[in-house]
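Asker: Pasting a structure below so you can have a look.
Any read-out appearing in this document is the output of simple, stated calculations on the displayed coordinates, not a laboratory observation. Being a predicted model, the structure only gives us computed values, none of them experimental. Backbone-built Cβ (ideal geometry, glycine too); neighbour counts: all protein chains shown.
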Amino acid sequence: MNFQTLQVDRPEESILRLTLHRPDAANALNTQMARELIALLAPLRGEPDPARCLILSGAGERAFCAGADLKERDGMSDAQWRAQHLVFEEAFRALEECPIPVIAAVNGAAFGGGCELALACDFIYATASARFAQPETHLGIIPGCGGTQRLARAVGAARAKQIILSATPFDAPQALAWGLVNEVVADGSLGASVLAVARTIGANAPLAVRQAKRVIDCGLGVDLRSALALELAAYNQLVPTEDRREGVRAAREKRTPRFSGR
């Protein structure tokens with residue numbers, strides 16, 4: 001696909017890398033970017049792809065994503081604003097429902113919708129100089145693409161209220177201490193660090209990785225008894241797979257498994 005606001009490449013066959021590419025606008029999310037995210041991500045739910053992990057990053061060192069493009073939004077009617085937000089909602093849903101693991105590689109600013117994009121990924125790596133914020137209350141709105149809910153689940157309700165109600169930016173070490181970020185790496189080493197963890201994920205059985213991601217996500221929304229039933233159902237679906245047999249053979253023969261996704 002040819003995109004205006006995204007760059008897509010495969011550093012390795014099993015890894016898909018998606019870069020938000022509006023560097024002159026701090027990679028701000030506009031309608032075109034949202035539509036292109038949908039066009040790229042939605043088919044992954046139904047079409048087989050050799051990629052076993054996806055990396056989401058931002059072009060340049062200035063910003064991962066500075067949030068929604070306020071220049072585009074300035075002057076919109078209420079109806080136009082709501083219509084655009086529907087496109088944003090679909091893009092975030094496509095990201096959250098991506099069947100393969102998605103790692104956010106956050107460099108620079110992840111503000112507003114940019115922070116929400118990172119939160120919609122499975123986990124976050126960030127540079128030491130990265131900064132996060134949910135500044136929407138300073139603009140007369142609230143986070144509208146999952147920020148109030150995903151942030152509270154990541155850092156707890158009290159911390160999420162502090163972040164959102166104060167609209168105050170915070171740095172990567174704080175994000176790590178609060179549980180928002182999985183790991184903080186030195187500036188300049190983000191790409192290699194995220195590629196290494198993506199490679200590790202990609203080396204595991206793809207059907208098992210997808211099922212584990214799905215069960216964790218679905219299980220968080222139900223009671224423990226129901227979540228355990230989801231886990232058991234997913235486990236049993238993996239028993240007859242060739243990958244399960246290959247994993248056992250490889251362990252017995254003390255070699256690296258060759259998973260086929262079957």
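Asker: Based on other C-beta atoms within 10 Å, arrange LYS254, LYS71 from fewest to most. Show your work: numbers first, answer last.
Answerer: Details: LYS254 6, LYS71 10.
Exposure proxy ranking, most exposed first: LYS254, LYS71.
Asker: Still on this model: Quick one: P(r) of segment 206-253 from all Cα-Cα pairs, 5 Å bins, percents rounded to integers, in order of increasing distance.
Answerer: All Cα pairs, binned at 5 Å, distribute as 5, 22, 25, 19, 15, 9, 5, 1, 0 percent.
Asker: Only Cα pairs under 8 Å and at least 6 apart count here; give the relative contact order of the chain as a rounded whole percent. Walk me through the intermediate numbers first.
Answerer: On the way: 462 pairs, mean separation 40.6, N = 262.
For the chain, the relative contact order is 15 percent.
Asker: Additional query: Could you list the GluC sites (Glu not before Pro) in segment 1-45 that lie in coil according to DSSP, counting only those with at most 15 other Cβ atoms within 10 Å of their Cβ? Before the final figure, lay out each step's value.
Answerer: Working: sites: GLU12, GLU13, GLU36; in loops: GLU13.
Listed in order of number, the matching sites are GLU13.
Asker: Say the dipole of the chain comes from +1 at the beta carbon of Lys and Arg and -1 at that of Asp and Glu; which of ALA251, ALA229, THR168 then lies farthest toward its positive end?
Answerer: Comparing the listed Cα positions along the dipole, ALA251 ranks first.
Asker: Quick check: the angle from helix 224-238's long axis to the longest principal axis of the chain, C-alpha only, nearest 10 degrees?
Answerer: Relative to the chain, helix 224-238 is tipped by roughly 50 degrees.
Asker: Starting from 0 in steps of 10 Å, tell me what percent of the Cα-Cα pairs of segment 1-131 lands in each bin.
Answerer: Bin by bin from 0 Å, the calculated values are 13, 47, 32, 7, 0.
Asker: If we count other beta carbons within 10 Å of each Cβ, what is the order of TYR235, TYR125, fewest first?
Answerer: Values: TYR235 13, TYR125 28.
Sorted ascending by nearby Cβ count, the order is TYR235, TYR125.
Asker: Could you tell me how many degrees, from 0 to 90 and to the nearest 10, lie between the Cα long axis of helix 242-253 and the main elongation axis, the longest principal axis, of the Cα atoms of the chain?
Answerer: With both axes taken from Cα atoms, the answer is about 60 degrees.
Asker: Dividing the convex hull volume of the Cα atoms of segment 66-140 by its residue count, what figure in Å³ per residue is obtained? Write out the running numbers ahead of the final one.
Answerer: Numbers: hull volume 6.7 nm³, N = 75.
Dividing the Cα hull volume of segment 66-140 by its residues yields 89 Å³.
Asker: When the dipole is taken about the Cα centre of segment 206-253, and only Lys, Arg (+1) and Asp, Glu (-1) are charged at their Cβ, what size is it in debye, to the nearest 20? Kindly include the intermediate steps, with their values, before the conclusion.
Answerer: Details: 8 positive and 7 negative charges, 11 e Å.
So the dipole magnitude of segment 206-253 works out to roughly 60 debye.
Asker: Moving on. List the residues, sorted by chain then number, that are 5 or more residues from LEU29 or on another chain and whose placed amide H is less than 5 Å from its amide H.
Answerer: ALA66, GLY67, ALA68, ASP69
Asker: Would you mind ranking ARG244, ARG225, ARG131 so that the residue whose beta carbon has the fewest other beta carbons within 10 Å leads the list?
Answerer: Working: ARG244 15, ARG225 7, ARG131 20.
The order, fewest Cβ neighbours first, is ARG225, ARG244, ARG131.
Asker: Next question. Normalised by the empirical 2.2 N^0.38 Å for globular proteins, what value does the Cα Rg of the chain take? Don't jump to the answer; show the numbers that get you there.
Answerer: Details: Rg = 19.0 Å, N = 262, 2.2 N^0.38 = 18.3 Å.
Rounded to two decimals, the normalised Rg is 1.04.
Asker: Sticking with this structure for a sec: Check which residues have an amide H placed less than 5 Å from ILE55's amide H, if you skip close sequence neighbours.
Answerer: LEU16, ARG17, LEU18, ILE103
Asker: How large is the dipole of the chain about the Cα centre if only Lys and Arg carry +1 and Asp and Glu carry -1, each at its Cβ, rounded to the nearest 20 debye? Mind dumping the intermediate values first?
Answerer: Details: 29 positive and 29 negative charges, 177 e Å.
Here the size comes out at about 860 debye.
Asker: Going by alpha carbons, how many degrees (0 to 90, nearest 10) lie between the helix axis of 190-202 and the longest principal axis of the chain?
Answerer: Tilt of helix 190-202: around 40 degrees.
Asker: Something else about it: Which whole-Hz couplings ³J(HN,Hα) result when phi for each residue of segment 158-167 is put into the Karplus expression 6.51 cos²θ - 1.76 cosθ + 1.60, θ = phi - 60°, listed in order with x for Gly and Pro?
Answerer: Residue by residue, segment 158-167 yields 5, 5, 4, 4, 4, 5, 6, 6, 8, 6 Hz.
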